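The values are calculated or read from the model by the stated rules, or taken from the named source; none is laboratory data. Just so it is clear, the model here is predicted, and its values are computed rather than measured. Cβ sites come from the backbone with ideal geometry, for glycine too, and all protein chains shown count toward neighbours.
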Amino acid sequence: MSDAVLIALVVAACVLSLVALAVGITAQRSLNARKRGARDSPLPLDVAGLRGEVEVLRQESAGALRHLAVVRYDAFGDMGGRLSWSLALVDDGGTGIVLTSIHGRSDARTYAKNVTDWSSDQQLSPEELEAVAQARAKH
């Protein structure tokens, strides 16, 4: 083997080594950045930690009015179209409100009644009771 070929092989080996070194350094920096990002993240990486986070979210949303039901009906025999309605909006504990709108030929009336523990201190109409029952069934 001639000296020129040997020098060319040594130079090629050096260039390949430098390229491999550059790729390795870049990969290491990327890995370190991902690790830092994972440590800075507020989310846990283990299953138990994630379950704890889900439980915290459930507790936070327990007071949200997220169970709802709408019952539409004809309040008067001479009217059609089911324009009257009762809407129950309650949280996980059955606390919330029932809104009712009664539509007649010449006017409409709207009522709001409090709900606690899936019942109300005020008398609920059959349609309002049905709305509360449907919202509870979604619980």
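Values as computed for the structure displayed
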quantity	calculated
Close pairs (8 angstrom Cβ cut-off, 6 or more residues apart or separate chains): closer than 16 Å to residue 90 by Cβ in the range 55-66, of a type in the set (A, V, I, L, M, F, W, C) anywhere	65/89; 65/90; 65/97
So residue 54, is it surrounded by 12 or more Cβ atoms within 10 Å (Cβ to Cβ), of a type in the set (A, V, I, L, M, F, W, C) and modelled with pLDDT of 85 or more	no
Subset tally (residues that are over 24 Å from the mean Cα position of the chain (by Cα), among the hydrophobic types (A, V, I, L, M, F, W, C) and surrounded by fewer than 16 Cβ atoms within 10 Å (Cβ to Cβ)) for the range 121-139	1
Close pairs (6 angstrom Cβ cut-off, 6 or more residues apart or separate chains): under 19 Å from residue 83 (Cα atoms) in the range 109-120, not basic (Lys, Arg) anywhere	109/102; 110/101; 111/100; 112/97; 112/99
Yes/no for residue 131 being of a type outside the set (Lys, Arg), in contact (Cβ under 8 Å) with a residue 60 or more places away in the chain and in contact with a His (Cβ under 6 Å, 6 or more places away or on another chain)	no
Residue match in the range 60-80 (condition: exposed (fewer than 12 other Cβ atoms within 10 Å of the Cβ) and either outside any loop (DSSP other than H, G, I, E, B) or among the polar types (S, T, N, Q) (or both))	yes
Given (1) hydrophobic (A, V, I, L, M, F, W, C); (2) within 14 Å of residue 71 (Cα to Cα); (3) surrounded by 15 or more Cβ atoms within 10 Å (Cβ to Cβ), index of the condition residue 118 fails	(2)
Any hit, the range 90-106, residues being closer than 30 Å to residue 57 by Cα, hydroxyl-bearing (Ser, Thr, Tyr) and within 29 Å of the chain's Cα centre (by Cα)	yes
Candidate set: the range 60-89, residues that are at pLDDT below 85 and charged (D, E, K, R); chosen: the one farthest from the chain's Cα centre (by Cα)	78
